[in-house]
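Colleague: Below you'll find the structure I mean.
The values are calculated or read from the model by the stated rules, or taken from the named source; none is laboratory data. As the structure is a prediction and not an experimental result, all values here were calculated from the model. Ideal geometry is used to build each Cβ from the backbone, glycine not excepted, and the neighbour counts take in all protein chains shown. Each accessible area value is taken on the protein alone, full model and side chains, heavy atoms only, with ligands, DNA and RNA left out. Shrake-Rupley method; radii C 1.70, N 1.55, O 1.52, S 1.80 Å.
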Amino acid sequence: MPSVIYWCDDLNVPVLSKDLGAKRCSSLSVARITKPGDVRPAFPADVEITRRAVINEFGSGELAKLLIPDDEVILLNKIPGYADQADEVIVRGRVIGHRFYDIERRMWRFRPLYEGVTEMINRGLGYWAVIKLDKLPERYDVHRESIIRGNLPSERYVHVAVSTEDGKYHGIAKSMRGGRLRIIKSWLAKGPLPSPKPSTLKDFIELNRDYIERKAEKAVEFLRRVFSEYKKPIVVSYSGGKDSLVTLDLVARTGVKFYVLFNDTGLEPSESYDNVREVAKLYNAELIIASAGDKYWKAIMEFGPPARDYRWCCKVIKLGPITDEMLRRFPGGFISIVGQRAFESFQRARLPRVSVSKWVTKDIVVAPIQDWTALEVWGYILMRNLPYNKAYEYGFDRLGCVICPANELAELEVVRERYPGIYTRLHEVLREFSKSQGLPREFADYGLWRWRRGLPGDIRGRVRVSFRVEYPVKFNGDVNSLIINVDKPINLVTFTEFLKMLGSVEGVNGSYVVRGKFGEAEVRVEQGSNRVVVSSGNEELRVHIAGFAARASICGECNLCINWCPTKALRRVGPGPSFIVDESRCINCLLCSKACPSAQYLVYRRPEIHGA
């Protein structure tokens, strides 16, 4: 089922509740939009991108100005179903089409819908056709002789607005070989767009001011209750993003003392650094910076490029530095205020408003805007005139690491233009990695590095290449043995120390017998070959030893293993994989392996190890 938004036709702006619209507007429209329906206002850069998309598709500046007007509030709603970034475009309370990024043509394109199609057909703008049919069946191919009139493109796979001869049905088709049109979608014809009416976000704020303020007051009261229940230092996690900005302002309204925590991954937009300093100064709050330094660039040489299903980077440059800093500053715990919202993802929608962190800092995590939409967030920011991050004005709808594997190719193109230093450095690393593994050029050029275990179907259908990315840890074996091959040299001293976590260890010089709660194993480290052979009938024991081999070879220096150890039995004694284990303290819980990105992403989360 779709979500809905309400639109005040009198003012030509969205209204945040149906009841408010009924009271304040003589005419109220309802637009059905794709879930989760986290609409956001279009900034000037978004408007320009969307107009360019219309021109790219139809070659008509007149149509672009008609569908994407000046001096009006326009909303965007991120949607699935395309190979890359895509948004519903909402004008005058109507979904007039989709803008989407074409990864093959490397440009924004536009698929008109509903009132957008009506305008094209009525005005004869762009590519359109009137067809000699009573209905427009989806997937039906229309041949030239059935086209009564219109303006058709010379290229294939371009969108064409279509109508039945009687005008009862409208739809959207694609141009195909031989001048055919293939119907993609059809519907009962809609009317034209309402007449133009100038509107601004100030109009939106004034209409919704009381609603936004009531929602803010409820959030402030919620925070006061939390602060009275948990007597701990209050830390606002501030990324420079819109959600954490609203959260920070709500905390400030409670009147309590609070700290501002910024995780400097080393990969943030330059505007974020300026904004963080500005905000901390504005609120007179102590700024705590958890810095990753250059850990990302060191770790990428060890792990290879991160991916959406291989996100070692989050532990190395985010969780690790934050845990180090917060344990040092607040060993007794703290209240962590975050800008988490349910509308951001299905995963976050399941999270509670108050919870205890699963990480070792054991902080109380509080999400005061869990039930806010992006439109409410922006409404609050503009109503309060808060200093938002100017990077949003470049077309980003979310901020963070600019080369995050979760980014779409469209966003990475903005990164290439705005932050060429970081983009070029990553691209050089990707090129070298591709060369070392014999990967096709598309791995770097089309952002295919963002997936490790396999490309999603919508990408495979457009970038027809086949390849396999090798991990720096490889396995083979049978039901009684496991052979582990590691690309980097294994620190034999550290590996031997890790084995103590499994029980008693007998042997020297790379040949050991391990006995403990998981059973018995013979372990042999072959000198000079980065190879470990494990003989044991217990699969769980074999996998744990493989995790130790990965940890003793590839280390992102996040220190999560040390910080997670409940008895402080594990201690770092040097850079990289250099650790010792205090056997008198170790309780064999292996929480250190659970925390370690090497063990997790190179061993435990790889399904092939269970069949090796």
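Colleague: Looking at (1) in a helix (DSSP H, G or I); (2) under 30 Å from Ala45 (Cβ atoms); (3) open to solvent by less than 30 Å² (accessible area, probe 1.4 Å), find the lone condition where Ser434 falls short.
Modeller: For Ser434, the failing item is (2).
Colleague: Being in a helix (DSSP H, G or I) and either open to solvent by less than 10 Å² (accessible area, probe 1.4 Å) or out of contact with any strand residue (DSSP E or B) (no Cβ under 6 Å at 6 or more places or on another chain) (or both) is the filter here; which residues of the stretch 322-342 pass it? Step through it out loud before you land on a result.
Modeller: Filtering the stretch 322-342 for residues in a helix (DSSP H, G or I) gives 322-329, 342.
Once the filter is applied, which keeps residues that are in a helix (DSSP H, G or I) and either open to solvent by less than 10 Å² (accessible area, probe 1.4 Å) or out of contact with any strand residue (DSSP E or B) (no Cβ under 6 Å at 6 or more places or on another chain) (or both), the stretch 322-342 yields Thr323, Asp324, Met326, Leu327, Arg328, Arg329, Ala342.
Colleague: Cβ-Cβ under 7 Å, sequence separation 6+ or interchain: first residue in the stretch 3-16 and within 15 Å of Ser199 (Cβ to Cβ) and polar (S, T, N, Q), partner open to solvent by 30 Å² or more (accessible area, probe 1.4 Å) and in a loop (DSSP other than H, G, I, E, B). Which pairs?
Modeller: Sorted first by the residue in the stretch 3-16, then by its partner, the pairs are Asn12/Lys197.
Colleague: Of all residues in the stretch 531-561 being open to solvent by 40 Å² or more (accessible area, probe 1.4 Å) and of a type outside the set (Asp, Glu), which is farthest from Ile587 (Cα to Cα)?
Modeller: Filtering the stretch 531-561 down to residues open to solvent by 40 Å² or more (accessible area, probe 1.4 Å) leaves 531, 535, 537-540, 557.
The next check asks that each one be of a type outside the set (Asp, Glu); those that pass are 531, 535, 537-538.
Details: Arg531: 28, Ser535: 24, Gly537: 23, Asn538: 20 Å.
Only one residue fits best here, namely Arg531.
So that you can scan it fast, the table gives a plain yes or no per residue for (1) of a type in the set (Val, Ile, Thr); (2) open to solvent by 10 Å² or more (accessible area, probe 1.4 Å); (3) not in a helix (DSSP H, G or I):
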{"position": "Asp38", "(1), (2), (3)": "no, yes, yes"}
{"position": "Glu48", "(1), (2), (3)": "no, yes, no"}
{"position": "Ala53", "(1), (2), (3)": "no, no, no"}
{"position": "Asn56", "(1), (2), (3)": "no, yes, no"}
{"position": "Leu63", "(1), (2), (3)": "no, no, no"}
{"position": "Leu66", "(1), (2), (3)": "no, yes, no"}
{"position": "Asp70", "(1), (2), (3)": "no, yes, yes"}
{"position": "Leu75", "(1), (2), (3)": "no, no, yes"}
{"position": "Gly81", "(1), (2), (3)": "no, yes, yes"}
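Colleague: Here is a further query. Can you pull out the residues in the stretch 158-179 that are outside any strand (DSSP E or B) and either open to solvent by less than 40 Å² (accessible area, probe 1.4 Å) or modelled with pLDDT of 95 or more (or both)? Don't jump to the end; show me each part of the working.
Modeller: Going residue by residue through the stretch 158-179, those that are outside any strand (DSSP E or B) are 158, 165-168, 176-179.
Within the stretch 158-179, Val158, Glu165, Asp166, Gly167, Lys168, Met176, Gly179 qualify.
Colleague: Please find, within the stretch 379-430, the residue that is farthest from the chain's Cα centre (by Cα) out of those that are in a helix (DSSP H, G or I) and hydroxyl-bearing (Ser, Thr, Tyr). Working first, answer last.
Modeller: Filtering the stretch 379-430 for residues in a helix (DSSP H, G or I) gives 379-384, 390-394, 409-418, 420-430.
Subset that is hydroxyl-bearing (Ser, Thr, Tyr): 380, 392, 394, 423-424.
Working: Tyr380: 23, Tyr392: 15, Tyr394: 17, Tyr423: 18, Thr424: 21 Å.
Taking the candidates together, the pick is Tyr380.
Colleague: Pull up the stretch 506-530, narrow it to residues that are within 26 Å of Lys488 (Cβ to Cβ), out of contact with any strand residue (DSSP E or B) (no Cβ under 7 Å at 6 or more places or on another chain) and not in a strand (DSSP E or B), then point me to the one that is least open to solvent (accessible area, probe 1.4 Å).
Modeller: Ranking the candidates gives Phe518 first.
Colleague: Taking into account only those residues within the stretch 193-245 that are touching a strand residue (DSSP E or B) at 6+ places or on another chain (Cβ under 9 Å) and of a type in the set (S, T, N, Q), which is nearest to Gly379 (Cα to Cα)?
Modeller: Asn208
Colleague: Same structure, new question: Residue by residue through the stretch 494-515, note down the ones that are in contact (Cβ under 8 Å) with a residue 60 or more places away in the chain and out of contact with any Lys or Arg (no Cβ under 9 Å at 6 or more places or on another chain). Let's see the steps before the verdict.
Modeller: Within the stretch 494-515, the first condition is being in contact (Cβ under 8 Å) with a residue 60 or more places away in the chain, and the residues that meet it are 494, 497-498, 500-503.
Within the stretch 494-515, Glu497, Lys500, Met501 meet the criteria.
Colleague: Report whether or not Arg144 is modelled with pLDDT under 95, farther than 20 Å from Ala53 by Cβ, open to solvent by 40 Å² or more (accessible area, probe 1.4 Å) and not aliphatic (A, V, I, L, M).
Modeller: Details: modelled with pLDDT under 95: yes; farther than 20 Å from Ala53 by Cβ: yes; open to solvent by 40 Å² or more (accessible area, probe 1.4 Å): yes; not aliphatic (A, V, I, L, M): yes.
For Arg144, the condition - modelled with pLDDT under 95, farther than 20 Å from Ala53 by Cβ, open to solvent by 40 Å² or more (accessible area, probe 1.4 Å) and not aliphatic (A, V, I, L, M) - is met.
Colleague: Let me ask you something else. Being under 30 Å from Val402 (Cα atoms), open to solvent by less than 40 Å² (accessible area, probe 1.4 Å), over 26 Å from the mean Cα position of the chain (by Cα) and among the aromatic types (Phe, Trp, Tyr) narrows it down to one residue among Phe258, Phe262; which is it? I'd like the intermediate steps shown before the answer.
Modeller: Numbers: Phe262 fails: over 26 Å from the mean Cα position of the chain (by Cα).
The match here is Phe258.
Colleague: Tell me yes or no: at least one residue of the stretch 346-359 is open to solvent by less than 40 Å² (accessible area, probe 1.4 Å), touching a helix residue (DSSP H, G or I) at 6+ places or on another chain (Cβ under 9 Å) and in a helix (DSSP H, G or I).
Modeller: Looking through the stretch 346-359, none of the residues is open to solvent by less than 40 Å² (accessible area, probe 1.4 Å), touching a helix residue (DSSP H, G or I) at 6+ places or on another chain (Cβ under 9 Å) and in a helix (DSSP H, G or I).
Colleague: Could I ask something else about it? Considering the stretch 231-255 alone, what residues qualify as being charged (D, E, K, R) and either open to solvent by 10 Å² or more (accessible area, probe 1.4 Å) or in contact with a Cys (Cβ under 7 Å, 6 or more places away or on another chain) (or both)? Please lay out each step first, then the result.
Modeller: Let us first name the residues in the stretch 231-255 that are charged (D, E, K, R), namely 231-232, 242-243, 249, 253.
Lys231, Lys232, Lys242, Asp243, Arg253, listed by residue number.
Colleague: Mind counting the residues in the stretch 89-133 that are within 21 Å of the chain's Cα centre (by Cα) and open to solvent by less than 10 Å² (accessible area, probe 1.4 Å)?
Modeller: Selection size over the stretch 89-133: 3.
Colleague: Would it be correct to say that Glu138 is surrounded by fewer than 23 Cβ atoms within 10 Å (Cβ to Cβ), acidic (Asp, Glu) and under 28 Å from Ile74 (Cβ atoms)? Spell out the reasoning first.
Modeller: Values: surrounded by fewer than 23 Cβ atoms within 10 Å (Cβ to Cβ): yes; acidic (Asp, Glu): yes; under 28 Å from Ile74 (Cβ atoms): no.
Against the criterion (surrounded by fewer than 23 Cβ atoms within 10 Å (Cβ to Cβ), acidic (Asp, Glu) and under 28 Å from Ile74 (Cβ atoms)), Glu138 does not qualify.
Colleague: Name the residue that is farthest from Glu119 (Cα to Cα), counting only residues in the stretch 194-224 that are among the aliphatic types (A, V, I, L, M) and surrounded by fewer than 20 Cβ atoms within 10 Å (Cβ to Cβ).
Modeller: Top of the filtered list is Val220.
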